[in-house]
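The values are calculated or read from the model by the stated rules, or taken from the named source; none is laboratory data. Model, not experiment: these values are computed from the prediction. Cβ placement follows ideal geometry from the backbone for every residue including glycine, while neighbour counts extend to all protein chains displayed. Side chains are part of the model used for accessible areas, which takes the heavy atoms of the whole protein and leaves out ligands, DNA and RNA. Shrake-Rupley method; radii C 1.70, N 1.55, O 1.52, S 1.80 Å.
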Amino acid sequence: ALPFLIRLFPSLLTKFVYLNFLAFPFFVDFRRPELLVNNTINLYLTTEPGITVGIWHTVPGSRGAEAQGKEQRWYEEALADAHPVIIYLHGNGGTR
């Protein structure tokens, strides 16, 4: 029966292979990363019309003391300075 169901509903295969309907850790508000990771803020990028991607910007531990209590503007300016930026693409699980 399983091959027949997959043939009828190919989106089921995608869901069970990638498990993108699961969000782990459970019951986490991804808009508040500071509760999970130090020196981190939540930002949103519009990649094309109608598509917005949520991102977290985390400064390195060496700048942690400097980042304490700073607002979003400070983090945005930190992205523009001479320090390298590492982009980590986590996958498609609906988590960050």
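Numbers for the structure displayed
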{"read-out": "Test: residue 56 is surrounded by 11 or more Cβ atoms within 10 Å (Cβ to Cβ) and at pLDDT 90 or above", "value": "no"}
{"read-out": "Tally, over the range 14-53, of residues that are out of contact with any Ser or Thr (no Cβ under 9 Å at 6 or more places or on another chain), open to solvent by 80 Å² or more (accessible area, probe 1.4 Å) and in contact (Cβ under 8 Å) with a residue 24 or more places away in the chain", "value": "2"}
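Each row is one residue, and each column tells you yes or no for (1) modelled with pLDDT under 80; (2) part of a loop (DSSP other than H, G, I, E, B); (3) touching a strand residue (DSSP E or B) at 6+ places or on another chain (Cβ under 7 Å); (4) at negative phi.
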residue: 4; (1), (2), (3), (4): no, no, no, yes
residue: 7; (1), (2), (3), (4): no, no, no, yes
residue: 24; (1), (2), (3), (4): yes, yes, no, yes
residue: 28; (1), (2), (3), (4): yes, yes, no, yes
residue: 47; (1), (2), (3), (4): no, no, yes, yes
residue: 63; (1), (2), (3), (4): no, no, no, yes
residue: 66; (1), (2), (3), (4): no, no, no, yes
residue: 78; (1), (2), (3), (4): no, no, no, yes
residue: 90; (1), (2), (3), (4): yes, yes, no, yes
